[in-house]
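What follows is a single structure, written as structure tokens, with notes after it.
The values are calculated or read from the model by the stated rules, or taken from the named source; none is laboratory data. Nothing here was measured: the structure is a model prediction, and the numbers come from that model. All Cβ positions, glycine included, derive from the backbone under ideal geometry; neighbour counts span all protein chains shown. The area values use the complete protein model at the heavy-atom level, side chains included, leaving out ligands, DNA and RNA. Shrake-Rupley method; radii C 1.70, N 1.55, O 1.52, S 1.80 Å.
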Amino acid sequence: CTDNDFFKANNHYKLKELSELYKQNNKRVILSVAKFMKRESPWDILKAFVKLNRTDLSLVLVGDGGEKQALQKYASNFPNLNIHFPGYIKYTDLPSYYQISDIFIHAAKDEPWGVSVQEAMGGNCFVICSDKVGSAQDLIINGKNGFTYPYGEYELLASKISDALNISKQVVTESNNSILSYWNYDLMWNNIMKAAAPNI
């Protein structure tokens with residue numbers, strides 16, 4: 001379980017800083033937080049963004065790893081697009097990255113759960129996951145607060161991003177809040193105590 005309140009809390013100064021970096025001219029932000037390795041599939045996200053070829057969007061790829069230089073070199077072939085590599089971001093700054101973003105993508109090849117999905121929902125993102133991300137089964141309502149797509153199909157991912165941009169922020173907010181009301185520390189603790197009660 002994730003501390004939803006932590007990811008909802010605003011850091012005004014950090015939000016202002018990130019907005020100036022990534023949202024100039026009212027650009028909408030697509031975010032990934034991942035290790036740059038094959039299992040987490042950053043290439044699918046980058047290729048999907050390039051396929052969209054939209055200058056009104058920013059792609060922010062948070063993370064580090066062995067694929068970083070190759071990803072940056074590929075991205076440099078598209079200077080007209082807004083592609084950013086801020087590197088590793090400390091955990092305490094992650095809420096602001098989620099909060100300035102419109103869409104969060106988890107493209108993993110193999111992810112039994114995927115805590116970043118709930119973190120992104122706490123930051124009120126629309127979430128797009130590959131069908132290999134376990135938490136999508138519990139946390140995403142298709143077309144309301146997220147989509148899933150078949151792993152590796154980056155062209156279909158690009159299509160899902162386009163569709164997501166047309167979904168009302170109010171619908172996303174209401175859906176995220178409703179789902180997260182069943183996934184929080186208080187509820188989990190109460191359930192643990194109920195289960196343990198006969199043995200205490």
Query raised in the report: How big is the accessible area of E20 in square angstrom, nearest 10, if you roll a 1.4 angstrom probe over the protein chains?
Result: 100 Å²
**Report entry** Summed side-chain charge close to G66 - residues other than G66 whose Cβ falls under 14 Å, Lys, Arg +1, Asp, Glu -1
**Finding:** +2
Requested in this report: Based on the mean of other Cβ atoms within 10 Å per residue, sort peptides 50-57, 32-39, 126-133 so the most packed one is first.
Outcome: 126-133, 32-39, 50-57
Query raised in the report: Hey, what angle do you get for helix 42-52 against the long axis of the chain, alpha-carbon based, 0 to 90 degrees rounded to 10?
Result: 60 degrees
Requested in this report: Collect residues whose amide H, placed 1.01 Å from N in the peptide plane, falls under 5 Å from the amide H of C125; neighbours closer than 5 in sequence don't count.
Outcome: none
Query raised in the report: Between rounded, prolate and oblate, where does the range 134-191 land on the alpha carbon gyration tensor, with a ≥ b ≥ c its root eigenvalues, rounded for a/c under 1.5, else prolate if a/b exceeds b/c?
Result: oblate
Report task. Starting from the Kirkwood radius over alpha-carbon pairs of the range 37-97, derive D by Stokes-Einstein at 37 °C in a medium of 0.692 mPa s and give it in µm² s⁻¹. Result -> 266 µm²/s
Query - Rounded Å value of the spacing that divides the Cα centres of the range 31-91 and the range 1-26 - result: 19 Å
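Which pairs, out of K14/K109; K38/K160; K16/K132; K73/K144; K23/K144, put more than 28 Å between their alpha-carbon atoms? Kindly include the intermediate steps, with their values, before the conclusion.
Numbers: K14/K109 32 Å; K38/K160 21 Å; K16/K132 34 Å; K73/K144 35 Å; K23/K144 24 Å.
Distance filter (> 28 Å) returns K14/K109; K16/K132; K73/K144.
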Query raised in the report: How much net charge surrounds D93 when only the other residues with a Cβ under 14 Å from the Cβ of D93 are counted, with Lys and Arg +1 and Asp and Glu -1?
Result: +1
Query - Nearest-ten-degree value, helix 185-196 long axis tilted from longest Cα axis of the chain - result: 40 degrees
**Report entry** 0 to 90° range, to nearest 10: angle between helix 154-164 axis and the chain longest Cα axis
**Finding:** 70 degrees
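Using only Cα atoms, what Kirkwood radius does the range 1-66 have, in angstroms?
13.8 Å
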Report task. With the convex hull built on the Cα atoms of the chain, state its orientation-averaged projected area in nm². Result -> 11.8 nm²
Query raised in the report: If you roll a 1.4 Å probe over the heavy atoms of the protein chains, what accessible area per residue do you get for the chain, in Å²?
Result: 51 Å²
Requested in this report: Report the extension gain between K16 and T173 in nm, rounded to one decimal, defined as 0.36 nm multiplied by the number of residues separating them, less their alpha carbon distance.
Outcome: 54.4 nm
